[in-house]
Amino acid sequence: MADFPDVATMIGTPNTVDWKEMLEALILTAMQLPGAQAAETQTIADGVITPTRCAVLVGTQSGDSADDLSTILGTELPDGSRLELRAAYSDRVVTVKHGAGGAGQVHLLGDADRTLDPDRVLTLTRIGADWYELEPNLAVAHMLAALGAQPARNKIRNSNFSVNQRGLTGSISKSAGESCHDGYKAGSSGVTYTAATVDGITTITITAGSLVQVIPGADIDSGIHTLGWEGDATGRINSGSYGASGAVQASLTGGASATVEWTVGSVSKVRLTEGVVDAGWVKPNYARELKRCLDYVWQIESGATNPTNQTIGFAQGLFTTTADMPIRIPDGMDPSSIAVSVSALSDIMLIEDKAGGANVTPTAITVATNGACTGMANIRFSGTFVVRSQYLVRFADTGWLRLSAEL
């Protein structure tokens with residue numbers, strides 16, 4: 001193992017022999033730095049490798065289909081060295097074990113084992129006798145977020161639970177399939193949870209059941225995906241096994257929707273990213289995150305002051321029993337999947353647009369099945385109407401009208 005010579009000694013030593021020895025140490029040490037040499041191939045021997053370079057391709061013992069790497073001896077690399085590991089072969093699975101014990105053990109983020117990939121690098125640093133995984137490059141991640149690229153990389157929408165159009169507070173209990181914070185719904189056994197925000201970070205604490213998000217197939221690329229989060233809840237992808245953050249992985253098919261789910265415990269900063277390594281979380285731009293959520297839920301609320309003066313839109317009596325109101329919907333919302341709900345039918349009033357016209361409280365509100373223009377939906381009110389009459393649609397009291405296309 002080479003190490004850098006003492007600078008003061010090197011400068012103050014005119015002896016040619018000593019200079020040669022120190023120069024040789026300088027060169028050998030520099031060759032251990034990242035990028036100084038091509039990767040070497042190391043084959044696991046009883047769970048151990050002894051790297052001599054910064055970059056290592058790791059192969060299984062005896063060419064086995066799978067092997068565990070539990071110890072990295074640092075006899076050839078000094079304290080503070082960086083080590084970049086990749087799998088030597090795509091058809092042989094190398095699992096780096098977390099905290100296997102003894103000198104040379106590896107400490108991984110999320111306290112979970114990691115599978116090596118030929119195309120992705122696991123970066124470690126030596127501290128004392130052990131090796132520690134480095135945090136993801138947050139500087140690059142922040143740059144991507146500023147450019148709007150991070151939300152596309154993280155398949156989860158509302159990853160900070162910051163969008164809560166339904167205004168859920170306190171102890172929140174939902175039955176199976178019911179919507180929760182934007183983008184999430186209750187699992188098959190329902191869910192009970194609380195949400196607390198500290199310094200702009202919202203943490204969900206699940207006390208019963210599970211919390212689910214369905215990722216649309218259009219957001220999925222084919223390949224291995226890794227689910228990560230902060231907290232002690234356990235999670236899973238689709239119907240796989242529950243596990244700790246960073247240890248939950250699944251091979252997904254592009255174009256096919258996927259489900260992520262968490263059960264009892266705390267969870268925040270959630271992410272689903274392509275690859276075998278948890279890419280970490282960067283706080284998303286709120287405006288972009290809200291826009292993603294509006295593609296699935298769009299809510300119109302009355303203000304607290306003079307709600308009866310607040311107009312939603314205009315409807316036309318098509319038959320004596322129905323009136324339709326065309327309404328602009330968010331660009332990404334699927335008109336064929338929209339369901340409409342309201343705080344209470346009595347919170348909506350349709351006022352006939354003529355002197356002495358009737359005020360109508362709807363008996364039902366649905367989405368009309370007949371087609372609407374692109375980017376539009378027809379909200380259909382049931383009641384007693386005059387054919388071809390125009391109606392001003394207003395709030396009759398403090399309330400909301402919600403369009404939902406949640407998955």
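For the reader, a short list of remarks on this structure follows.
- Residue, surrounded by the most Cβ atoms within 10 Å (Cβ to Cβ), within the range 339-350, restricted to residues that are part of a helix (DSSP H, G or I) and out of contact with any Gly (no Cβ under 8 Å at 6 or more places or on another chain): Leu345
- Any hit, the range 278-298, residues being in a strand (DSSP E or B), under 18 Å from the mean Cα position of the chain (by Cα), at positive phi and surrounded by 16 or more Cβ atoms within 10 Å (Cβ to Cβ): no
- Residue count for the range 200-236, restricted to those that are closer than 22 Å to Gly255 by Cα and not polar (S, T, N, Q): 15.
- Residues within the range 314-338 that are among the small types (Gly, Ala, Ser), assigned to a strand (DSSP E or B) and modelled with pLDDT under 90, tallied: 0
The values are calculated or read from the model by the stated rules, or taken from the named source; none is laboratory data. Not measured: the values here are computed from a predicted model. Every residue, glycine among them, receives a Cβ derived from its backbone with ideal geometry; neighbour counts consider all protein chains shown.
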